[in-house]
Amino acid sequence: RPTGDSVTARLDVVVVNWNAGALVAACLDSLVAADRGDGMLRIIVVDNASTDGTPKYLRHLAANDSRVRLVLNSENCGFAAANNQGLATARGEVLVLLNNDTELSPGWHVPLLAHLTDQSVGLVGPRSDNVGNGALIEVPARFADDHDGFTCELRRKHTGEAFDIQMLAMFCVAMRRDAYAAAGPLDEGYGVGL
């Protein structure tokens, strides 16, 4: 399998938020800090009628960062519907759904893009120390305060590895545009995301 070192694609990352100002700020800060700087990243934030002051912060961010697009809902339309709004706005070759409480390490996109070069893979997600499925990975104590170090260690040991999983947790998933077009939008009956 490819390592992803030479894989490039336009990434549109959709982040849904509701009344989680500090979390979404940390998420967006990590996303911007991990940007490759090549103009291939666009961030679409869909705010579900937050009342905690987050919309003011998001307006400021969008006005000052051309990578950020903003959808401000007048009511909370739910997790799936808000993600669908973001996906409808997306124009990238690779579409990423990212939870607002997720923080990324530099190079986070490389393994995801590498696996998406395999046309038999429609949806891919990372491993995590905070997930309720087969993607769960234990963080050794020596990396308890060094998430970037742990990420580098994982990449060094497991580059190119993948496994099939029955259900991906959608805290961070990536898909090619053609896979999204074939599958269609998220089922909006899952309003809360579970």
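The values are calculated or read from the model by the stated rules, or taken from the named source; none is laboratory data. Computed from a predicted structure; not experimentally measured. All Cβ positions, glycine included, derive from the backbone under ideal geometry; neighbour counts span all protein chains shown. Keep in mind that these areas ignore ligands, DNA and RNA; they rest on the heavy atoms of the full protein, side chains included. Shrake-Rupley method; radii C 1.70, N 1.55, O 1.52, S 1.80 Å.
Summary of values
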| item | result |
| --- | --- |
| Identity of the residue in the stretch 144-158, touching a Lys or Arg at 6+ places or on another chain (Cβ under 9 Å) and closer than 27 Å to residue 120 by Cα, that ends up modelled with the lowest pLDDT | 158 |
| Flag if residue 93 is open to solvent by 50 Å² or more (accessible area, probe 1.4 Å) and either at pLDDT below 95 or of a type in the set (Val, Ile, Thr) (or both) | yes |
| Whichever residue in the stretch 1-19 is surrounded by fewer than 19 Cβ atoms within 10 Å (Cβ to Cβ) and at pLDDT 60 or above and, among such residues, is nearest to residue 44 (Cα to Cα) | 10 |
| Residue satisfying all of: in the stretch 23-59; more than 21 Å from residue 96 (Cα to Cα) and in a helix (DSSP H, G or I); most open to solvent (accessible area, probe 1.4 Å) among these | 56 |
| Pick from the stretch 60-87, criterion among the polar types (S, T, N, Q) and more than 19 Å from the chain's Cα centre (by Cα), ranking: least open to solvent (accessible area, probe 1.4 Å) | 73 |
